Every structure is written in structure tokens, then in C-alpha cells.
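Some notes on the structure that comes next.
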Amino acid sequence: MQAGLALVPVAIGSFVASGASFGMAAKVTPLAMLRLGPALEVVGLAGIGLVTSPDSSWWPVSLVLFLYGIGVGFATAQVTNVVLNDVPEHSSGQASGVQSAFRQLGSAMGIALLTTVFFTTLGTKLHGRLADAGLSAAQSDKLTSVVTDSAGAAIGPLADHPQTAPVAEAARAAMTDGVVLGGYIAAAFVALGFPGLPSTPIRSADDSADPAPVEAEPARP
């Protein structure tokens, strides 16, 4: 429940951007909105790395997640239009399917990569902090496994006991390191997509239509 509530700003931001894109359609091209989306995503993801700390308040984190959600809304609302812009009409169904498949593939690979980065950082940083605190290798391994295997859920019970409270503090710091690194890596990957965006504006329906034939002026005698 808490994790779901923490991600509500992303959904709200996406909802706001999706609605605003319809009002902006007459003044801003789909390509411009698509560029705006990843730009806001980069700012939001990098902002997660900047504002996240073991004692972060909820509102700065919610603010950057809201900004990220706005970027997601602008990007997803126009990505199909931009992708299909230069695709012949008879191949639009196939192109749309390929685009959807690559979005799903990118999402799955991104989740796998960032999850690996997070848990690797969590385990490495926590084990190092516990070793620096004077715990033996066996104790560090055991406590690190408890925290990582529970995805951090064990931090609360560890914090409730004075003897293990320092372990909980070290685990919070290690989790923060994982979130910060993941935010920066995600921002970097989104930024890598900018060179792949097309540079030509999206054609309107009138521009894409074939021009009307011009009748030749009859030759004068």
C-alpha cells in the first residue's frame, strides 16, 4: 500500500500531461511534445538521485515523481504518431505492432537492469558498512541476506530493537545508494534516446495528401 501511494504522483503527472497534450495539439507539433516528454523524464529521474536520502521528506520525492509522470504522459501520448509518420499507410499496422513490442521489450529490460543495479548496490554497500562497523564476515553476510532477500522489509523490525538499530540505519543508507544510482542510470538511458528522435516535423493530414494535379494551360496560337 505504501509503495502504491508513493507512485501515485507518477500516475497523476501522466494523467495531467495526457490531457494537456490535446489542448497543445493545435500549437505544438507531436514531435515537440515527444521531445518534451523524455526531457522531463530525464529531469525527474535525475531529481530522484538528487533529493533521495535516508531521511528524505515525502514531498520532494513526490515532486520529482510528478515531473517524471508528466514526461511519461507527453511521450506516450505522441510516440505512436511520430513512429508511424514516415511509414507507408499499408504498413502502419505492422509498424505499430513492432513499436509496441519494442516498448514492452525495453520496459522489461529496463526493469531487469535497474533491479539488478539496485540489489547489487544494496548488498555491496550494506556488507561494506557492516564490515566497517566491526561485524564479522559471517554476520555481515547473514544480515545482508536478510535485508536483500526481504527487499528491505526487514529494516523495520531491525530498527525496533536497539541491538540491531545500527544495522537498520546502515541498510537505509545502502538502499538510498541503490535508488540514487538507479535514478542516474535511468536518466542516462533516456537521454541516449534523444539522438534517435527524428529531426523533421510531423506531417499534417493536409501535408501528407497528394497535391492536386495542375491542368496545363492550353497553348496559344
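Looking at (1) assigned to a helix (DSSP H, G or I); (2) polar (S, T, N, Q); (3) modelled with pLDDT under 90, which is the one condition that is false for residue 62?
(3)
Looking at (1) under 28 Å from residue 44 (Cβ atoms); (2) surrounded by 14 or more Cβ atoms within 10 Å (Cβ to Cβ), can you tell me which one residue 130 breaks?
(1)
If you check residue 67 against the conditions, is it under 13 Å from the mean Cα position of the chain (by Cα), touching a residue at least 40 places away in the same chain (Cβ under 8 Å), loosely packed, with under 15 Cβ neighbours inside 10 Å and closer than 26 Å to residue 180 by Cβ?
Numbers: under 13 Å from the mean Cα position of the chain (by Cα): yes; touching a residue at least 40 places away in the same chain (Cβ under 8 Å): yes; loosely packed, with under 15 Cβ neighbours inside 10 Å: no; closer than 26 Å to residue 180 by Cβ: yes.
So residue 67 fails the test.
Give segment 34-43 a look and list any residue that's buried (at least 19 other Cβ atoms within 10 Å of the Cβ) and either small (Gly, Ala, Ser) or outside any helix (DSSP H, G or I) (or both), or say none.
37
Give the number of residues within segment 15-59 that are modelled with pLDDT under 90, of a type in the set (Gly, Ala, Ser) and within 21 Å of residue 178 (Cβ to Cβ).
Qualifying residue count, segment 15-59: 2.
For every residue, the table says whether it meets (1) among the acidic types (Asp, Glu); (2) within 14 Å of the chain's Cα centre (by Cα); (3) surrounded by fewer than 16 Cβ atoms within 10 Å (Cβ to Cβ).
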position: 27; (1), (2), (3): no, no, yes
position: 32; (1), (2), (3): no, no, yes
position: 48; (1), (2), (3): no, yes, no
position: 52; (1), (2), (3): no, no, no
position: 55; (1), (2), (3): yes, no, yes
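Could you tell me whether residue 72 is at negative phi and modelled with pLDDT under 90? Steps first, please.
Working: at negative phi: yes; modelled with pLDDT under 90: no.
In short, no.
Any residue in segment 96-123 that is of a type in the set (D, E, K, R) and surrounded by 13 or more Cβ atoms within 10 Å (Cβ to Cβ) sitting within a Cβ distance under 9 Å of a residue that is modelled with pLDDT under 95 and in a helix (DSSP H, G or I)? List the pairs, counting only those 6 or more apart or interchain.
Cβ pairs passing all conditions: 103/76; 103/79.
List the pairs whose first member sits in segment 177-189 and is under 15 Å from residue 125 (Cβ atoms) and touching a residue at least 24 places away in the same chain (Cβ under 8 Å), whose second member is not small (Gly, Ala, Ser) and not in a helix (DSSP H, G or I), and whose Cβ atoms are under 7 Å apart, counting only residues at least 6 apart or on separate chains?
179/52; 180/52
Inspect segment 80-87 for any residue being surrounded by 18 or more Cβ atoms within 10 Å (Cβ to Cβ) and in a helix (DSSP H, G or I) and give the result as yes or no.
Within segment 80-87, the subset surrounded by 18 or more Cβ atoms within 10 Å (Cβ to Cβ) is 82-83.
With the extra rule that they be in a helix (DSSP H, G or I), the set shrinks to 82-83.
Yes - at least one qualifying residue is present in segment 80-87.
Looking at (1) in a loop (DSSP other than H, G, I, E, B); (2) farther than 30 Å from residue 174 by Cα, find the lone condition where residue 53 falls short.
(2)
Filter segment 162-217 down to the residues that are at pLDDT below 50, assigned to a loop (DSSP other than H, G, I, E, B) and not aliphatic (A, V, I, L, M), then identify the one that is surrounded by the most Cβ atoms within 10 Å (Cβ to Cβ).
Restricting attention to segment 162-217, the residues satisfying the condition of being at pLDDT below 50 are 202-217.
Filter once more, keeping what is assigned to a loop (DSSP other than H, G, I, E, B): 202-204, 209-217.
When the remaining residues are screened for being not aliphatic (A, V, I, L, M), the result is 203-204, 210-211, 213, 215, 217.
Numbers: 203: 12, 204: 10, 210: 5, 211: 6, 213: 6, 215: 6, 217: 6.
Looking at the filtered set, the residue picked out is 203.
The values are calculated or read from the model by the stated rules, or taken from the named source; none is laboratory data. These numbers were taken from a predicted model, which means no experiment stands behind them. All Cβ positions, even for glycine, are placed from backbone atoms using ideal geometry, and neighbour counts span all protein chains on display.
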